[in-house]
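Notes to accompany the following structure.
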Amino acid sequence: MALPLTMDQILCMNGEGKASYAKNSFVQEKVMSKAKPVLQETLRELYLDSFPECLKLADLGCSSGPNTLLLLREIIDSIDVIRKQLNKKEPMFQMFLNDLFRNDFNAVFRSIPSFYEELRREKGGDFGPCFIAAMPGNFYGRLFPDRYLHFIHSSYSVHWRSQVPGNFVSEFGSHLNKGNIYLARTSPKSVLEAYLDLFKRDMTLFLTSRSKELVPGGHMVLTMIGRYMSVNLPDDQVSSVLELLGMTVSDMVQEGLIEEEKLDNCNMPCYLPTPEEVRKVIQEEGSFHITRFETFIVSWDAEMGDGDLRARGKYEAASMRAIAEPILAVHFGEEVMDDLFERFARKVSRYMELHKGEYLNILVSVKNR
Ligand SMILES: C[S@@+](CC[C@H](N)C(=O)[O-])C[C@H]1O[C@@H](n2cnc3c(N)ncnc32)[C@H](O)[C@@H]1O
């Protein structure tokens, strides 16, 4: 039996061009701006606790695009305000950018000189200095030496799983998650349990690894997409935007444009946990003390569509395409991608005519024990 594919083999955001992640990451940018107050409070706490001479930081799942260095800029600005209030000398910064091996780190590196230049212009020649490095690798495992980092950040990355969930096939050989690419209202309990089990194993490994890499008392801020506790949804509502994407694929199966078998074998390697599931896994793993735990909403189009339903559908489809196309193209073929995402844009518009299309975001700040 073939082993399940690992994320290193299949996951990578869309690179270069109109459909790239770099050009379509406005949802993630909005999420980072909403999470900023918690980031600032956490950095204040960290700095007041320890005043490190060189702040060692890491952003896990940094991707390649405008958000990659934006976080570092937010951190530098926040620390600058805090240290001025406390009349302290500027610290040095060492920032590690982490993502999977296939991430376009070259594009990130090319943007570093102008980032340094902007810092020098705005903050003065004797600022920092700030050293940026890459640390490629899978964050479901160790990335750094013991007790090395003061602060870890990760936004919109830990809802990705470490592997594609195994094929959901019953003992009689039928597909248990038939017609879906992810959890949907029609998914049986066993499929939910398999996803949840993978989430718990991944997150436990993630937390244990980070706890070893952080200094005692080090902090971590994580933001991820979540979902509400299961509620009985009316028939015309979906449990997540991925269900709507799955319905679009299913329409294409009905029209003979995609083979049914391909849809039945596609299970997206992500899991949107409930806030309770996140809290529980952190508590049960035990290495971290939760200092802040919040949820907030961002609409599927991050309000980019300005209320115009057609535009809203297009924005959401472009945003989804930037992250999901590489995986979906492997399953269904490059040649159906334009059609799939055009149909998906129209489906999102129609859905948003009747319902709110929103991401529930879970934001948690923890301190290493
Ligand atoms: C949607 S992007 C978010 C990027 C950025 N943090 C932002 O907010 O714009 C998610 C990133 O997480 C990365 N990722 C997912 N699983 C990972 C893993 N196990 N190890 C390292 N990076 C991972 C993906 O490759 C992708 O670049």
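The values are calculated or read from the model by the stated rules, or taken from the named source; none is laboratory data. These numbers were taken from a predicted model, which means no experiment stands behind them. Here the Cβ positions follow ideal geometry from the backbone for every residue, glycine too, while neighbour counts run over all protein chains shown. For accessibility, only protein heavy atoms count, side chains too; no ligands or nucleic acids. Shrake-Rupley method; radii C 1.70, N 1.55, O 1.52, S 1.80 Å.
At a glance:
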read-out: Residue pairs, from the table Lys23/Lys84; Lys200/Lys367; Lys23/Lys189, whose Cα atoms sit over 26 Å apart; value: Lys23/Lys84; Lys23/Lys189
read-out: Square roots of five times the Cα gyration tensor eigenvalues for the chain, Å; value: 36, 23, 19
read-out: For the range 110-149 versus the range 275-343, the gap between their alpha-carbon centres in whole angstrom; value: 27 Å
read-out: The range 57-140, relative contact order [Cα under 8 Å, separation at least 6], %; value: 42 percent
read-out: Rounded, prolate or oblate (a/c below 1.5 giving rounded, otherwise prolate when a/b exceeds b/c) for the range 58-212 by Cα gyration tensor; value: prolate
read-out: Value of [θ]222 nm, deg cm²/dmol, for the chain, DSSP H segments ≥ 4, -39500 (n - 2.57) each, nearest 500; value: -15000 deg cm²/dmol
read-out: Coil-residue trypsin sites (Lys or Arg not before Pro) of the range 207-242, DSSP, other Cβ within 10 Å capped at 15; value: none
read-out: Integer Hz, Karplus 6.51/-1.76/1.60 couplings in order for the range 184-199, x for Gly and Pro; value: 9, 4, 8, 5, x, 4, 4, 6, 4, 4, 5, 5, 5, 4, 5, 4
read-out: The chain, accessible surface, carbon-and-sulfur percent (1.4 angstrom probe); value: 52 percent
read-out: Proximal charge balance of Met203 [Cβ under 14 Å; K/R count +1, D/E count -1]; value: 0
read-out: Exposed GluC sites (Glu not before Pro) absent: longest stretch of the chain, with sites in DSSP loops and at most 11 other Cβ within 10 Å deemed exposed; value: 54-170
read-out: The range 18-368, relative contact order [Cα under 8 Å, separation at least 6], %; value: 21 percent
read-out: Amide H contacts under 5 Å for Ser155, placed H, 5+ residues apart; value: Leu60, Thr223
read-out: Helix 66-85 axis, angle to the chain major axis (alpha carbon atoms, nearest 10°); value: 30 degrees
read-out: FRET efficiency, 1/(1 + (r/R0)^6) with R0 30 Å, evaluated for Phe296 and Leu233 via beta carbons; value: 0.90
read-out: Under-5 Å amide H pairs with Arg161, H placed in peptide plane, nonlocal only; value: Cys270, Tyr271
read-out: Rel. contact order, % - alpha carbon contacts under 8 angstrom, at least six apart, the range 201-349; value: 27 percent
read-out: Average accessible area per residue (Å²) across the chain - probe 1.4 Å, nucleic acids and ligands excluded; value: 46 Å²
read-out: Sparse-neighbourhood loop sites, chymotrypsin sites (Phe, Trp or Tyr not before Pro) in the range 67-148 - DSSP loop, at most 12 other Cβ within 10 angstrom; value: Phe101
